[in-house]
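Participant: Following this message is one structure expressed as structure tokens.
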Amino acid sequence: MANKPIKNRPQANILASILIAILAPISIANAENLSIQRLEHSLNTCYPKILNAALQQEINQAKAKQNMSPFDTKFNAYANQRAGSTYNTSYQKVEFEKRFYDLPIAAYTGFDISTGYTPQYDSAQITSTQGRQFIGLKFNLLSGFAIDKDRLSLYNSILETDKAKYEIELTKLVIKTDAIKSYITWVITGAELKAYQKLLLTAEKRQKALEKRLQSGDISAIAVKENYNYILKRKIKVMSAQDYFNQSSLALSLYYRDNACNTVKPAENLLPKELPKDHTLFASSDDVEINEAIRNRPEFKVIETQLAQIRNQQKLAKTELLPKLNLALQYNQNNSSTATTSYFTINQQEGVAKAEFSLPIDRSYGTGLDEETSKNLVKLQNERQLLVEQIASRVKSLHYTVSNTAEQISLAQNEFSLSNELLKAENNRVMNGDSNFFMLNAREENATNSYLSLLGNLSDNYKAMIEYNFLNGKNVNLNHLYTSN
């Protein structure tokens, strides 16, 4: 049986405005809302894994500096004093030596001098009474011409520094993807909570109005109890929504931090003023999307540096299989005030050439290293191929999902608009006495449910878009991809 027409028209207008309020988009008047820009700034400046990735690059730079040590300029000094019954001699030498890591050459220069006499088995010939200056070059030919163990350590440590740069991007990609997912979940659960709170508020304000009408005998007690029953149901929903929002706030607090880098649990007043816009994608070929992912994903850049490191090891392996041939060229300026023999020329100049050759018979190190690097190269190429296949299988699927969820949002918006119209019509019927509060409550909940469905579709759209941008390596910079107000 329908309730009596509402006689108090001003009160009815107030109720109508309350009912319509639930249909308005969730809006929070707070200039200090938690935007994606603020979240990203927090991640870049405070998140431990991102900071550690940057520190790792500095550590690798320090290691590269350490591996430069074999190529540092060296100062060498040598002194020897010998004394015996038939001889007494001394020898001193100072020398500067420099190896060049980008050339198989070492340069050196210095001065040495000797005095006295030594036994013949020392092959001593005192010819330069005032010592000599010398300058020379050492060449590594065949084995070591392109690379040796010292150069391998240096070259690969430099590549390790480059790899750390890409690993920073990879860390940001993973962390920011998780962070934006958590942020969207927080925004959606916040909007759901606000919707349930508005729904409960509508019932509570109606309850006060119905209780006043009950006192004046304008309405039956059962209508008041029926409305209160909806209040209880809606309180349960609010409590459940509050729990979900609390969980999402705690999850987001792992990524959102204050200026002192302390974790902050974002409250309701930090929710953005408006819901984020849905995303759609332009049609493109599979090859274009896959190539874009390969170009942008940091993992591929990391793999490229690893491949370069393995190729350096291969160069060393092939070099170690070759014979060793070293050549030294030296120029001497001998300084003498007197001639020690009749055929000695004072202050004579001379050139010295020296060659060393050796051939490893077993070549165990070279063959073993060559086998190791060849297997590692195939292994890494297999990993790269698997990554390409995994991305290829997901990119096109997510492209479809993003577009599909965008269409679902459009349908959900139409459903929401229709529910809004039905609620307004039902409200008019109640005020004209053609309906009852049971139907009005049902229309309110239907309108709220259609809004929640819209939120769910929006959430699905964002999750698919976030995953799509993750596969394409774009989530390294969030603020250029997603907007929040």
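Participant: So which residues in the stretch 296-311 are in contact (Cβ under 8 Å) with a residue 40 or more places away in the chain and open to solvent by 40 Å² or more (accessible area, probe 1.4 Å), if there are any at all? Spell out the reasoning first.
Facilitator: Filtering the stretch 296-311 down to residues in contact (Cβ under 8 Å) with a residue 40 or more places away in the chain leaves 296-303, 305-311.
Answer for the stretch 296-311, where residues must be in contact (Cβ under 8 Å) with a residue 40 or more places away in the chain and open to solvent by 40 Å² or more (accessible area, probe 1.4 Å): N296, K301, Q306, R311.
Participant: Now for a separate question. Restricting the search to the stretch 349-367, which residues are touching a residue at least 24 places away in the same chain (Cβ under 8 Å) and over 24 Å from L137 (Cβ atoms)?
Facilitator: Narrowing the stretch 349-367 to residues touching a residue at least 24 places away in the same chain (Cβ under 8 Å): 352-360, 363, 365-367.
Across the stretch 349-367, the qualifying residues are P360, R363, Y365, G366, T367.
Participant: Here are some residues: D362, D370, D434. Which one is farther than 30 Å from Q207 by Cβ, among the charged types (D, E, K, R) and not in a helix (DSSP H, G or I)?
Facilitator: D362
Participant: Here's another thing I want to ask about it. In this structure, is L398 assigned to a helix (DSSP H, G or I), in contact (Cβ under 8 Å) with a residue 12 or more places away in the chain and more than 28 Å from Q207 (Cβ to Cβ)?
Facilitator: Details: assigned to a helix (DSSP H, G or I): yes; in contact (Cβ under 8 Å) with a residue 12 or more places away in the chain: yes; more than 28 Å from Q207 (Cβ to Cβ): yes.
The answer is yes for L398.
Participant: In the set N449, N427, which member is in a helix (DSSP H, G or I), out of contact with any helix residue (DSSP H, G or I) (no Cβ under 6 Å at 6 or more places or on another chain), open to solvent by 10 Å² or more (accessible area, probe 1.4 Å) and of a type in the set (S, T, N, Q)? Step through it out loud before you land on a result.
Facilitator: On the way: N427 fails: out of contact with any helix residue (DSSP H, G or I) (no Cβ under 6 Å at 6 or more places or on another chain).
Going through N449, N427 in turn, the sole match is N449.
Participant: Still on this structure, I have one more. Mind listing whichever residues of the stretch 82-104 are open to solvent by less than 40 Å² (accessible area, probe 1.4 Å) and at pLDDT 90 or above?
Facilitator: Across the stretch 82-104, the qualifying residue is only E95.
Participant: Taking H399 as meeting all but one of (1) farther than 27 Å from V288 by Cα; (2) open to solvent by less than 50 Å² (accessible area, probe 1.4 Å), write down the number of the exception.
Facilitator: Checking H399 against (1) farther than 27 Å from V288 by Cα; (2) open to solvent by less than 50 Å² (accessible area, probe 1.4 Å), the one that fails is (1).
Participant: Quick test for you: out of L454, L418, pick the one residue that is free of Cβ contacts under 8 Å to residues at least 60 places away in the same chain, under 23 Å from R234 (Cβ atoms) and over 39 Å from the mean Cα position of the chain (by Cα).
Facilitator: On the way: L454 fails: over 39 Å from the mean Cα position of the chain (by Cα).
Going through L454, L418 in turn, just one is free of Cβ contacts under 8 Å to residues at least 60 places away in the same chain, under 23 Å from R234 (Cβ atoms) and over 39 Å from the mean Cα position of the chain (by Cα): L418.
Participant: For the stretch 197-218, check the following and say yes or no: at least one residue is within 30 Å of S453 (Cβ to Cβ), among the charged types (D, E, K, R), modelled with pLDDT under 95 and crowded, with 18+ Cβ neighbours inside 10 Å.
Facilitator: Yes, that holds for at least one residue.
Participant: Say we look at the stretch 430-446 and pick out the residues that are open to solvent by less than 70 Å² (accessible area, probe 1.4 Å) and over 54 Å from the mean Cα position of the chain (by Cα); which of these is nearest to L193 (Cα to Cα)?
Facilitator: Filtering the stretch 430-446 for residues that are open to solvent by less than 70 Å² (accessible area, probe 1.4 Å) and over 54 Å from the mean Cα position of the chain (by Cα), the one nearest to L193 (Cα to Cα) comes out as F437.
Participant: Based on what the data block shows, is L270 more than 30 Å from K149 (Cβ to Cβ), open to solvent by less than 80 Å² (accessible area, probe 1.4 Å) and in contact with a Pro (Cβ under 9 Å, 6 or more places away or on another chain)? Write out each step before concluding.
Facilitator: Numbers: more than 30 Å from K149 (Cβ to Cβ): yes; open to solvent by less than 80 Å² (accessible area, probe 1.4 Å): yes; in contact with a Pro (Cβ under 9 Å, 6 or more places away or on another chain): no.
So L270 does not fit the description; no.
Participant: Read through the list (1) surrounded by fewer than 16 Cβ atoms within 10 Å (Cβ to Cβ); (2) within 27 Å of the chain's Cα centre (by Cα); (3) closer than 27 Å to S374 by Cα, then give the number of the only condition that K277 fails.
Facilitator: (3)
Participant: Taking the condition of being modelled with pLDDT of 85 or more and of a type in the set (G, A, S), how many residues in the stretch 336-378 meet it?
Facilitator: Counting residues in the stretch 336-378 that are modelled with pLDDT of 85 or more and of a type in the set (G, A, S) gives 8.
Participant: Okay, next question. Filter the stretch 110-130 down to the residues that are open to solvent by less than 60 Å² (accessible area, probe 1.4 Å) and modelled with pLDDT of 85 or more and list them by number.
Facilitator: Those that are open to solvent by less than 60 Å² (accessible area, probe 1.4 Å) and modelled with pLDDT of 85 or more: G110, D112, I113.
Participant: Hey, another quick one. Looking at the stretch 221-236 only, could you name the residues that are surrounded by 13 or more Cβ atoms within 10 Å (Cβ to Cβ) and in contact with a helix residue (DSSP H, G or I) (Cβ under 8 Å, 6 or more places away or on another chain)?
Facilitator: The answer is A223, V224, E226, N227, Y228, Y230, I231, R234, K235.
The values are calculated or read from the model by the stated rules, or taken from the named source; none is laboratory data. Source: prediction; values computed, not measured. So basically every Cβ, Gly included, is an ideal-geometry build from the backbone, and we count neighbours across all protein chains shown. Calculation scope for accessible area: heavy atoms of the full protein, side chains included, ligands and nucleic acids excluded. Shrake-Rupley method; radii C 1.70, N 1.55, O 1.52, S 1.80 Å.
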